[in-house]
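See below for the structure under consideration.
The values are calculated or read from the model by the stated rules, or taken from the named source; none is laboratory data. Given the structure is predicted, the values throughout are model-derived calculations rather than measurements. All Cβ positions, glycine included, derive from the backbone under ideal geometry; neighbour counts span all protein chains shown. Only protein heavy atoms, including side chains, enter the accessible area calculation; ligands, DNA and RNA are left aside. Shrake-Rupley method; radii C 1.70, N 1.55, O 1.52, S 1.80 Å.
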Amino acid sequence: MRMLEKIEQYIDSCIEAGDIYGASFSLITPKGINQYYHGNQGRDEFAIGLDPAMIYDLASVTKVVGTTTRIFQLLSDHTIHLTDSVARFLPGFTHPEITIQNLLLHNSGLPADIDNLDKMQREDLIKAVYDAPLVTAPGTAYVYSDLGFILLGWIIRAVDGSLARSIQDHVCYPLAMTNTGYNLNRPKVRFVPTEFDPRRGQIQGQVHDYKAFLLNGESGHAGLFSTLTDLSVFVEMMLNFGEYQGKRVLDENVFDWLGEYDEHGRTLGWERRAGRHQYFHTGFTGPAVAFDLDRQVGMVVLTNRVYPTSDNQVWNRDRQQIFDLFFEA
C-alpha cells in the first residue's frame, strides 16, 4: 500500500497548492477497491466536499470506457473487422482507405481537431468530419484525433442503431454501472462543475467538450459521465481480463490485441507504457484511468481540472507524476 500512500499524499499536495480543488480516486487490487474523496468541487457555492454520489464529465476517457470497449465487443463477434473501411459503415465518408484499425491507433491521417468550431452548428460539424482533409497518409504517422473517435461512435450507431443505447446495454448494464452514460438525468447538484464558458455560463451536468455538445451530448470521443465507483468496477473488469462477477464483458482475445500493438505509445484505443502490459487514458477535464495487467493493480483519478477555467494546465503535469507513482511502484 506504499504506492497508495504516495499517490494520496501527492494528490493532497496538488489540492493544497491550488492546482485542483479536489479529487476522487481509487486503487483497485485483487483484494478489493479502496476509494478516497479529498477536497471540494470548487469554490464559493461549489465549495462542497466530494463524496461517492458525485458525477464527473469523463471527456476523452469516453474513448476507452465506452467507444473502444463496444468496438472490441463488435470485433470479437465479427460484426466488424479491424481491416474494414470506415466507408463501409459510413458511405458518405471521404476517405475509403481509412480503416477501423487506423481510427483506434490514431494513425488515420485525420487532423487532431476541427477549425472554426465555434462558428459551427451540428450539421456543419458532421459535414466537416466527413469531409476532413488528411494531414498525413493513413498508417504513416500518429496524430491524436477526436475525429477518429467521433467516426467510431457513428460506426457503433450504424451497427446498433444508437450509440447511447449501445453503450448502456453492452457496457454499463453488464457491469452494473448505474451512474454512467450520456446526458444523465440526475439532480444538477450531483454533477461536479467544469468550466465557466462566456456563451454557455457555468457548465454543470452538460458535456464540456463543444463538439460533443453540438452532437447533442452523445459522441464516441466525449460525452460520458460517471462516478468513481462505476469506473472502479470498469477497471476491475479489465484487470480480470474481461470478466466481472461471473459475466464475460470482453473476450480474452481483446487483451492479446492490447499487447500486440505498441505504436507511438498507443495500442488499440488505449495509451500504453512501452513494452509493458500497462495501459492508461486521460481526459481534457482532468480524469485518468490506468491498469497494470502484470501487477494486477488499477487506478482511477477524477477531478475538475477545468474549473473555473481550462487555462489552468498545472494538473496535466501533476497527472503524469501520478502515473509515474502508479506504474513504477
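Quick check on segment 110-121: of everything there that is in a loop (DSSP other than H, G, I, E, B) and at pLDDT below 95, which residue is nearest to Glu263 (Cα to Cα)?
This residue is Asp115.
Hey, can you tell me all the residues within segment 122-138 that are open to solvent by 50 Å² or more (accessible area, probe 1.4 Å) and either in a loop (DSSP other than H, G, I, E, B) or touching a Phe, Trp or Tyr at 6+ places or on another chain (Cβ under 9 Å) (or both)?
Asp131, Pro133, Leu134, Val135, Ala137
Identify all residues within segment 274-291 that are buried (at least 18 other Cβ atoms within 10 Å of the Cβ) and not in a strand (DSSP E or B); write none if there are none.
Of everything in segment 274-291, those that are buried (at least 18 other Cβ atoms within 10 Å of the Cβ) and not in a strand (DSSP E or B) turn out to be Gly283, Phe284, Thr285, Gly286, Pro287.
Which condition number in (1) open to solvent by less than 70 Å² (accessible area, probe 1.4 Å); (2) assigned to a loop (DSSP other than H, G, I, E, B) is the one that Val235 fails?
(2)
Within segment 310-324, can you find the residues that are within 19 Å of Phe291 (Cα to Cα), surrounded by fewer than 16 Cβ atoms within 10 Å (Cβ to Cβ) and touching a residue at least 60 places away in the same chain (Cβ under 8 Å)?
Gln321, the sole residue that qualifies.
Can you confirm whether segment 246-256 contains a residue that is in a helix (DSSP H, G or I) and open to solvent by less than 10 Å² (accessible area, probe 1.4 Å)?
Yes: one or more hits.
Within the group Val171, Val143, which residue is part of a loop (DSSP other than H, G, I, E, B), under 19 Å from the mean Cα position of the chain (by Cα) and surrounded by 17 or more Cβ atoms within 10 Å (Cβ to Cβ)?
Going through Val171, Val143 in turn, just one is part of a loop (DSSP other than H, G, I, E, B), under 19 Å from the mean Cα position of the chain (by Cα) and surrounded by 17 or more Cβ atoms within 10 Å (Cβ to Cβ): Val143.
Table: residues versus (1) over 22 Å from Ile156 (Cα atoms); (2) touching a Phe, Trp or Tyr at 6+ places or on another chain (Cβ under 7 Å); (3) buried (at least 21 other Cβ atoms within 10 Å of the Cβ).
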{"residue": "Tyr182", "(1), (2), (3)": "no, no, yes"}
{"residue": "Lys188", "(1), (2), (3)": "yes, no, no"}
{"residue": "Lys211", "(1), (2), (3)": "no, no, yes"}
{"residue": "Asn216", "(1), (2), (3)": "no, no, no"}
{"residue": "Phe225", "(1), (2), (3)": "no, yes, yes"}
{"residue": "Leu239", "(1), (2), (3)": "yes, yes, no"}
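Identify the residue in segment 193-231 that is farther than 18 Å from Met177 by Cβ and part of a strand (DSSP E or B) and, among all such residues, is farthest from the chain's Cα centre (by Cα).
Gly201
Out of Ile15, Ile28, Ile71, which single residue is out of contact with any Asp or Glu (no Cβ under 6 Å at 6 or more places or on another chain), aliphatic (A, V, I, L, M) and over 18 Å from Ser166 (Cβ atoms)?
Ile15
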